Amino acid sequence: MHEKGHMDAISGYPLLKDADVNVQVGKYGNDLSVASARGNMRVVQLLLNNGADVNPRGGHSGSALQAASYGGHKDIVQLLLDKDADVNAQSGHLGHALQAASYRGHGDIVQLLLNKGADVNAQGGDYGNALQAASYRGYRDIVQLLLDKGADVNANSGIYSNALQAASYGGYRDIVQLLLDKDADVNAQGGRLGHALQVASYGGYRDIVQLLLDKGADVNKHGGNYGNALQAASYSGHRGIVQFLLDKGADVNTRGGDYGNALQAASFTGHKDVVQLLVNKGADVNVQGGLLGNALQAASYRGYRDIVQLLLDKDADVNAQGGRLGHALQAASYRGHGDIVQLLLNKGADVNAQGGDYGNALQAASFCSAKVPTLTRRMAITEMPFILPLHGAPQQAE
């Protein structure tokens, strides 16, 4: 039976003598969790009076107590606790009831759960702990309450690794300040964005970047997907933060992360103003590393002709090797950017250069000509086998 129809049947009729009130149904796992999530006190009481397990596990919300806590249904939370619900039961994507209530900003339920013995530092779920969940969502009063109750400000787990990163990601300066005042480690490592400074730089929160640096954040600290704060800001196109980080001593040529360096990151995402700034500040236009080998290959792959031209004007090596697509000409050919292919060839790109996943530019263009979804792209790529031989590439066999 459909979940809604099942609950309607329960609420509308007396339970049958032999009905299984603990049967697993729908994404919430069981009837008690469904009723708790919806705030249906009548059905919750009916189920409990007929033998429903107050501590069932399973489903999206993990338990009835977590479902009620997430939904903000304090009366049901109180009833479940009075019926001996396990306040620290672990399950579901939010781990436990305290994290669920903290994530949703239900301060009264957070207080109730703590009064009933909830572990303020319990680990688990998407956000690792209640403090990180509240910090991510921007609920300062709950963050303060959890800290007052002994929450570990540097606990490391969950999507954002720690509360400081979570608050920095959300742009909540007041919470960042509160956590730092409670001795949060400003350089703590972890998570896909590495550390709080990288998170704030990626998000474009200059006030938080300033605060973190004032509190001793290492401007050149490595870690995370973007390697460092400068690369994160460059990837996102936050020119003001890029300038600020450089003024604070960020190394313009430091390497690491998915894109190898800040210049490649900005070239990949098409932020010409950031590319120009980095080059003006001494970025090595030919530095190697990252997914696409160098900045020229990254810009060629993405089709940013103006950035390709800028890099070439700054003496980028048109035949530089590296990355999964070997060199800029192969990258542009693979993506069907005929104008960039022509520009690179005019600047001396070796039409027969070997390397990368497809061996050479002609193979890259030919391999992908039948795999693109739009007619315009398909026509552009189909032109490559005619453009490239004009510059000396061998004709492919019929």
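Figures for the structure shown
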item: More than 15 Å apart - percent of Cα-Cα pairs taken over segment 250-320; result: 41 percent
item: Net length gained if the chain between GLN78 and ASP306 were fully extended (0.36 nm per residue, minus Cα distance); result: 75.8 nm
item: Quotient of C-alpha Rg and 2.2 N^0.38 Å, computed over segment 225-288; result: 0.91
item: Over segment 118-171 - Rg/Rh using Cα atoms and the Kirkwood inverse-distance radius; result: 0.91
item: Over 26 Å (Cα to Cα) - which of LYS272/LYS347; LYS221/LYS281; LYS149/LYS248; LYS248/LYS272 fall in this group; result: LYS149/LYS248
item: Estimated FRET transfer efficiency (ASN220, ASP185; beta-carbon r; R0 25 Å; 0.05); result: 0.90
item: Spin-label pair ASN286/HIS93, simplified geometry with 7 Å Cα→Cβ offset, distance in nm; result: 4.9 nm
item: Spin-label model distance (nm) - ASP207 vs ASP141, 7 Å beyond Cα toward Cβ; result: 2.0 nm
item: Radius, Kirkwood style, for segment 60-212 when every pair of distinct Cα atoms is counted (Å); result: 15.1 Å
item: Label point distance in nm, GLN354-ASN121, each placed 7 Å from Cα along Cα→Cβ; result: 6.0 nm
item: Segment 152-263 - Rg over Rh from alpha carbon coordinates, Kirkwood radius; result: 0.93
item: Per residue convex hull volume, Cα atoms of segment 264-376, in Å³; result: 89 Å³
item: Residue order, fewest to most surrounding Cβ atoms within 10 angstrom, among ASP183, ASP258; result: ASP183, ASP258
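Every number here is computed from the coordinates shown, using simple stated rules; none is lab data. Note that the coordinates shown come from a computational prediction; the quantities given were computed from them, not determined experimentally. We place every Cβ from the backbone using ideal geometry, glycine too, and count neighbours over all the protein chains shown.
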